[in-house]
Each structure stands twice: as C-alpha cells, then as structure tokens.
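Let me begin by presenting the structure, written as structure tokens, before commenting on it.
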C-alpha cells in the first residue's frame, strides 16, 4: 500500500516512546532534517539490513543535518534487544498502538494483504525525509534495504 503522503505535504505530528523510554515528537526535530523510516519487524533479515545500512552511514547523514528515527509496532523491550544486538546508533520508536503508522499511511488500508499485515502489526517499509520545517521533502516507497543509506543521502 503506497502512502497517501507526498513531497510538500506537512508531516503528521507524532508522539511515541524511543528505545530508551523517552517520549519524542516531530516538533523535537524542528530546524533539523529527519529520516523517519517505517519497517515491519525487529530482527528480521530485511529490517536488519536496512537498520545496519543506516547505522553504518550515520556520519554522512548527520553531516547533511539529518537525524534518524526507525518506527515499528514492537515495544521498547524488542527495540532494546534489536538495538543492542546490532549496535544501532539511532533511536527506534515503539508505535505499539499503530498511531504513527496510520498517520503516515503505512499501517492499515484496503485489501486482504493490508488487513492481514495490519492485524499482525506490520507496517509497510516506507521512508520519509522530513525537512527542517516539518514538511515531507521525499518519500521512498520501496527502499533498497541494503543500500538504504545511500538512497537517503542522495535525497538530503
């Protein structure tokens, strides 16, 4: 299910707990670019490749003025284990009720597959590049998990 959001749209506000249990909101990133990437599940092959691609390239991403937040529906305990196992150097958001995913159009939707994924708490793999003013600058609907950081850097 492709998201309904597109470049130029205001990014929906959100509030969720990070890996370490702190609440964050979109407003916390005002004045900074934000890579907000949604992924289906912690510690699965594609999600691990994607997270590690971003982890390994956090320097060039930060040099372009951007922060990274990963979002899935698992809780903070799952995120903590995933972060520790792969030495992730950016926070993950625990979207346990799916509010952030639904706001960004990556969780739920029409059709049997979308309903089954949503029932299992699995968001679509979509990345939003949000500009310093809280607007969506770019959307990557089908990220290449192994080269995801490169895709992101090219858009910053």
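The values are calculated or read from the model by the stated rules, or taken from the named source; none is laboratory data. None of these values were measured; they are calculated from a predicted model. Counting neighbours? That spans all protein chains shown, and the Cβs are built from the backbone with ideal geometry, glycine included.
The residues of segment 34-76 that are in a loop (DSSP other than H, G, I, E, B), closer than 23 Å to residue 155 by Cα and within 13 Å of the chain's Cα centre (by Cα), listed by number, are 39, 40. Scanning segment 99-111 for residues that are under 17 Å from the mean Cα position of the chain (by Cα) and either surrounded by fewer than 16 Cβ atoms within 10 Å (Cβ to Cβ) or modelled with pLDDT under 80 (or both) returns 99, 108. Counting just the residues of segment 13-32 that are within 19 Å of residue 138 (Cα to Cα) and over 13 Å from the mean Cα position of the chain (by Cα), which one comes out surrounded by the fewest Cβ atoms within 10 Å (Cβ to Cβ)? Ranking the qualifying residues of segment 13-32, first place goes to 31. In segment 1-29, the residues that are on the phi > 0 side of the Ramachandran plot form Cβ pairs under 8 Å with partners that are modelled with pLDDT of 95 or more, at six or more places apart or across chains, as follows: 8/135; 8/136. For residues that are in contact with a strand residue (DSSP E or B) (Cβ under 6 Å, 6 or more places away or on another chain) and within 18 Å of residue 95 (Cβ to Cβ), scanning just segment 112-135, find the one that is modelled with the lowest pLDDT. Filtering segment 112-135 for residues that are in contact with a strand residue (DSSP E or B) (Cβ under 6 Å, 6 or more places away or on another chain) and within 18 Å of residue 95 (Cβ to Cβ), the one modelled with the lowest pLDDT comes out as 123.
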